[in-house]
Structure formats: C-alpha cells, structure tokens
Ligand SMILES: NC(=O)c1ccc[n+]([C@@H]2O[C@H](COP(=O)([O-])OP(=O)(O)OC[C@H]3O[C@@H](n4cnc5c(N)ncnc54)[C@H](O)[C@@H]3O)[C@@H](O)[C@H]2O)c1
C-alpha cells in the first residue's frame, strides 16, 4: 500500500519502520520539519494517511485528507470536541476515518476486560472504582485518551458512575482519574475497585511504542475499500 505519514515524531518514526517491514511504501511525510504537503501529487496518490500529530493540529489534517479523498487512520488524542463533525462527514460524504485512542491489541483486550469487570461490579455495590495513568513527560493531554476510553467503558456498564473527573472528586457518581508524567513511559493504565475488605486491580503496561505502531499499520491495511467511521472494534471483531 502507498502510505502518507502525517506527523513524524515518536509515533510517526515507529510506524514508518513497521510499514516498511510489512512491504508498504511511504509516499510522503508531512510534518512541520519535512517538505511533504497535502497539495503534492505524492500525497494525493496515497491509499491511506496515518496521522499522529498534536491535539490542535489533528482536525485540520483530517479535513485535508477528506478534501483529497485519502482515507485516514489517526491516533492523535485530545481532539474529540470535533468527533461528531468527523462522524457526520464519514456518514454523509462517504469518507473513511479510523480512530483509536489506543492502537495496541493488548490495550483493546484490556478495554474488553474493563467493560466486563464493570458489568460484574454493577451487581456488587460495595466497591468504588478509581483509575491511574502514567505517561512520558512530553505528553500534552491529561488524562490520556486511553484513560478516557476506560472511564467511558465503566460508565456505560456501572450504573452508579455517570462521569469521570480529572485527579480527584468528592462526587460518588464520578470516577477519579489520576495522571502522572514521568520519564519516557509509553503508557501504564490501572483500574482499581476497592471495598472496605479488599481490592481488585487490572493493569496494562506498554513496554514500548511498537504495539501502538503495529496496530496503526494493521488499521491502515484494514481500511482499504471501506468507508465510514471505523474503530478497533471493527478490526478485532470482539
Ligand atoms: N492512539 C495511540 O495508540 C497512541 C499511541 C501513542 C501516542 N498517541 C498520540 O499520538 C500523538 C502523537 O504522539 P507522538 O508521541 O508521536 O508525539 P510527538 O510529539 O513525538 O510527535 C508529534 C509530531 O507531530 C508534528 N506536528 C505538529 N503539528 C503538525 C501539523 N500541523 N502537521 C503535521 N505534523 C505536525 C510535530 O512536529 C511532531 O513531529 C499524541 O496525541 C499522542 O497522545 C496515540
């Protein structure tokens, strides 16, 4: 496949390696530090664009891809204010957009375990739930997109929780998410249920960025020939 990379930071560079290993061609790289542009023929020739940039840049990049009819796979977090607009462009204008707050296969298994645990806890009233996430110090958004997806998975399945809160909360119907920023940590997420007598903890720790990058390339292979708003649920078929 011909892949356009948008964003050539930590993730863009990992994705490039995995895409080349899997026999794909990188036709252009668009970043503030490279020469690639949305107006180039190389970009227009791409089968798919893989976008990992910054929260404030992502939405405009998606529109540029849509204008050129290039399907988008994006992992940038912190842009979800525009989610409904992107979904309606996919539906009404037959655009292709694949989004995951976390492309790691392991994290997506973890998302399913989290939902299932919340369903069980819905029948067991004495446990309260809280969350922690740890990431590298350059991460711009907090809590992480992955932590927000985990919180949403709990809220959908645990009737006593209606919202999440950054850091701490006094409200019984909110899930507190504590965010820590340390060193070069690629991503650690912990969900803890605590009662007066015990605690149950589920935990995912990424060893490197490779798992995210591989998932993004698998998603790029998956979108070929498809339209609409797609996610890891479509890819993994859980
Ligand atoms: N979904 C996932 O699985 C997953 C995994 C890791 C990181 N992320 C997210 O991906 C994003 C990128 O992460 P990273 O670690 O590669 O960050 P990074 O800071 O290393 O790289 C971001 C790159 O985007 C470039 N950039 C900024 N504005 C741009 C624009 N307008 N057009 C093109 N390029 C632009 C920067 O110059 C930089 O090279 C972040 O939002 C992060 O939270 C998601």
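Only the coordinates and a few stated rules stand behind these numbers; no lab work does. The shown structure was predicted, so the numbers you read here are calculated from the model rather than taken from an experiment. Here Cβ is always computed from backbone atoms with ideal geometry, including for glycine, and neighbour counts include all displayed protein chains.
The range 105-205 gives an Rg/Rh value of 0.96, both radii derived from C-alpha positions and Rh following Kirkwood.
Taking all Cα pairs closer than 8 Å and separated by 6 or more residues, the relative contact order of the range 105-205 comes to 35 percent. Pairs of Cα atoms nearer than 8 Å and 6+ residues apart set the relative contact order; for the range 1-86 it is 30 percent. The calculated FRET efficiency for the pair residue 60 and residue 226, based on their C-beta separation and a Förster distance of 41 Å, comes to about 0.95. Placing a label point 7 Å from the Cα of residue 33 along the Cα-to-Cβ direction, the residues of the range 10-27 whose backbone N falls under 16 Å of that point are 10-17.
Placing a label point 7 Å from the Cα of residue 210 along the Cα-to-Cβ direction, the residues of the range 17-41 whose backbone N falls under 20 Å of that point are 17-24.
Give the value in nm², to one decimal: projected area of the alpha carbon convex hull of the range 150-238, averaged over all directions. Averaging across all directions leaves 8.4 nm² for the Cα convex hull.
Between residue 84 and residue 167, the simple spin-label model (points 7 angstrom out along Cα→Cβ) gives 2.9 nm. Rounded to the nearest 0.05, what FRET efficiency is calculated for residue 124 and residue 41 with R0 set to 45 Å and r the Cβ-Cβ distance? Once the sixth-power term is evaluated, E becomes 0.15. Classified by the C-alpha gyration tensor, the range 87-141 has an oblate form. Its axis ratio a/c, with a ≥ b ≥ c, is 1.5 or above, and a/b does not exceed b/c. Sorted from greatest to least, the principal axis extents spanned by the alpha carbons of the chain come out as 63, 40, 29 Å.
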